[in-house]
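The values are calculated or read from the model by the stated rules, or taken from the named source; none is laboratory data. Remember, predicted model here, so these are calculated numbers, not experimental data. When we count neighbours, we look across all protein chains shown, and the Cβ atoms used for this are built from the backbone with ideal geometry, even at glycine.
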Amino acid sequence: MSISITIHQYDKGKRLDICLSEQLKITRAKAQELIEKEFVKVNGVSKSKSYKLKLNDLVEVIDVLYQSVSEQEKLIPQNIPINIIYKDDYLVVLSKPAGMVVYPCPGHKDGSLMNALAYHISKLASVGGPLRPGVVHRLDKDTSGIMVVALNDKAYYKLMEIFKKREVKKEYIALVYGELNGSGEIVTPIGRAIHDRKKMSIKSKKAKEAQTNWEVLKSFKNYTLVKTRIITGRTHQIRVHFSSIGHPILGDKTYGKKTYLELGRQKIFIPRQMLHAQSIEFIHPVKGDLLQFEDPLPEDMNEIIKILSSA
């Protein structure tokens, strides 16, 4: 048994080792090891790790990888309630609650959105990795909101392509510290923090371009409700960008200042960052229709907004 990957436009021109690393969700070193041991074939022939992939190349990985991975990295269906906004044969649009990770990872081996999806939907895509089949983007654990997941390989590759081309319109709602006016944009590169690889930063040796547009929806004393649109899709982008201009997301334990709301002498604990993916808009990867979906603000954010409005 082997896993097969047909090279689509999104992966055309990539090095073989990089493509394997991304598609199988393994380290580049592991991908290179598989290639060197000739467990990887391209159109039936062994290639070097630096081989540049061509459109419609067929990459086959011999089962040796999954003999070691399958037991540890098998997506287990779990009967966890999830809110499915839309579903067809090619993709599903969901509302991810705050506190739930998108797919299993160290420290969160189950209870993820993908564990739930595997239970409620019988057939998922075969690409994207054993624990995250069909996942083309993600939200942080404590960010709520709308997500799209591919249900077959054709949709997966096409969605990956339109995300890469920035043809997906995503808007978020956030509560930030401090008072902002009007609208604006933050155009500052983002990369791994120099002294903490788990964090992202505008001060990085390998930063990539990042742009966040924002617009004030409502102003409160010392706080602002904003709508943001991310033009790029960097890890923790909104959280890092607003922190970098001195207006971190309310409740953000990593990039923020405080985890409570101060109203005079009263302190109200904020359990998670007040960030919600409200809407997504894209062209259907197979049918070609324009799809537009919205996910209303969750109760915890609405409650904080009510408190601020009455203060």
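Within the range 98-148, being crowded, with 21+ Cβ neighbours inside 10 Å and on the phi > 0 side of the Ramachandran plot holds for GLY128, GLY134, GLY145. In the set (1) in contact with a Ser or Thr (Cβ under 7 Å, 6 or more places away or on another chain); (2) in contact (Cβ under 8 Å) with a residue 12 or more places away in the chain; (3) not in a strand (DSSP E or B), the condition left unmet by ILE194 is number (2). Suppose the filter is surrounded by 15 or more Cβ atoms within 10 Å (Cβ to Cβ), in contact with a helix residue (DSSP H, G or I) (Cβ under 9 Å, 6 or more places away or on another chain) and over 23 Å from SER21 (Cα atoms); does LEU225 pass it? The answer is yes for LEU225. Going through (1) in a loop (DSSP other than H, G, I, E, B); (2) modelled with pLDDT of 95 or more; (3) among the polar types (S, T, N, Q) one by one, THR232 falls short only on (2). Each residue in the range 167-185 was checked for being hydrophobic (A, V, I, L, M, F, W, C) and surrounded by 21 or more Cβ atoms within 10 Å (Cβ to Cβ), and 4 of them qualify. Being under 19 Å from ILE5 (Cα atoms), within 18 Å of the chain's Cα centre (by Cα) and surrounded by fewer than 22 Cβ atoms within 10 Å (Cβ to Cβ) is a description that applies to GLU161.
For the range 252-263, the condition of being in the same structural domain as ILE190 (by TED's automatic domain parsing), under 13 Å from ILE307 (Cβ atoms) and free of Cβ contacts under 8 Å to residues at least 24 places away in the same chain holds for at least one residue.
Restricting attention to the range 271-288, which residues are at negative phi, in a loop (DSSP other than H, G, I, E, B) and surrounded by fewer than 20 Cβ atoms within 10 Å (Cβ to Cβ)? PRO271, HIS284, VAL286, LYS287 - these are the residues of the range 271-288 that are at negative phi, in a loop (DSSP other than H, G, I, E, B) and surrounded by fewer than 20 Cβ atoms within 10 Å (Cβ to Cβ).
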